[in-house]
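Input: a single structure, listed below in structure tokens.
The values are calculated or read from the model by the stated rules, or taken from the named source; none is laboratory data. Predicted model, so just to flag it, every value in this text is computed and none were measured. When the accessible area is computed, the model is the full protein with side chains, heavy atoms only, and any ligands, DNA or RNA have been set aside. Shrake-Rupley method; radii C 1.70, N 1.55, O 1.52, S 1.80 Å.
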Amino acid sequence: AITTRAMNGELDFHTALKERVGLLKGLPITALKETLDDTILCDGAKDLVQHLREQAVTCVLVSGGFTYFTDSIAKICGFHHHHGNSLNHDGAVLDGTVGMPILDKNSKLEFLKSYAIGLGISLDETMAIGDGANDLPMLCAAGLGIGYRPKPVVENTIPNVLKWADLDKL
């Protein structure tokens, strides 16, 4: 419920993230591996990243989720770089807090700008894909912003929406 409200823009992302991570206090970090093992990639994600790489496109995964997952997903799909939030733990158990700074909508926009500068391209030459309110600044700034199976707040803002097809159709 917290995630849904945050993705629809009804709840501040920082507050929502701290609340959600607080619910994980005491959870063994082995549960992260169990969750990762049960994670199913969006259809076409790996194919899309591989195709873009073949076209010499730099692919970056930037998520308000956690680096434990972005690291693995980036390797599976072939992203060049990845960024996310970190979960604090004592080596065995999550302590219910998130590492600072929190990667949020402003961070996503800053990563887009930073990578564009580093690659010597303009924002008009970038593409961003996202689904929730936390993605809107990045989607609006990119040369091509695409709402992928977007929440209503994104669908009502972004003209380019992929609702029913898989990512490889991009």
Problem set entry | GNM flexibility winner over the chain from Asp71, Asp37, Asp124 (Cα, springs under 10 Å) | Asp37
Problem set entry | Under-5 Å amide H pairs with Arg149, H placed in peptide plane, nonlocal only | Leu162, Lys163
For this session: For Val62, enumerate residues with amide H under 5 Å from its amide H, sequence gap 5+ or separate chain, H modeled in the peptide plane.
Result: His83
Exercise. Pick from Pro101, Pro28, Pro150: which is most flexible by mean-square fluctuation in a GNM of the chain where alpha carbon atoms under 10 Å apart are linked?
Worked result: Pro101
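222 nm [θ] for the chain, helices only, -39500 (n - 2.57) per DSSP H run of 4+, per residue, to 500? Walk me through the intermediate numbers first.
On the way: 8 runs with 71 residues, N = 170.
Calculated from helices alone, the mean residue ellipticity at 222 nm is -11500 deg cm²/dmol.
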Problem set entry | Antiparallel bridge percentage (DSSP; both residues within the chain; nearest 5) | 20
Exercise. Which whole-percent values make up P(r) of segment 14-93 when all C-alpha to C-alpha distances are grouped in 10 Å steps starting at zero?
Worked result: 16, 44, 28, 11, 1
Exercise. In whole Å, how far is the Cα centre of segment 108-170 from that of segment 29-99?
Worked result: 18
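Tell me the carbon and sulfur percent of the accessible area for the chain, rounded to whole percent, probe radius 1.4 Å. Kindly include the intermediate steps, with their values, before the conclusion.
Details: 5200 of 9500 Å².
Heavy-atom surface of the chain belonging to carbon and sulfur, 1.4 Å probe: 55 percent.
Please report the orientation-averaged projected area of segment 1-143, defined via the convex hull of its C-alpha atoms, in nm².
Numbers: hull surface 35.2 nm².
Answer in nm², one decimal: 8.8.
Using the heavy atoms of the protein chains alone and a 1.4 angstrom probe, what is the accessible area of segment 49-158 per residue in square angstrom? Could the numbers behind the result be given before it?
Values: 5440 Å² over 110 residues.
Roughly 49 Å² per residue, with all protein chains present.
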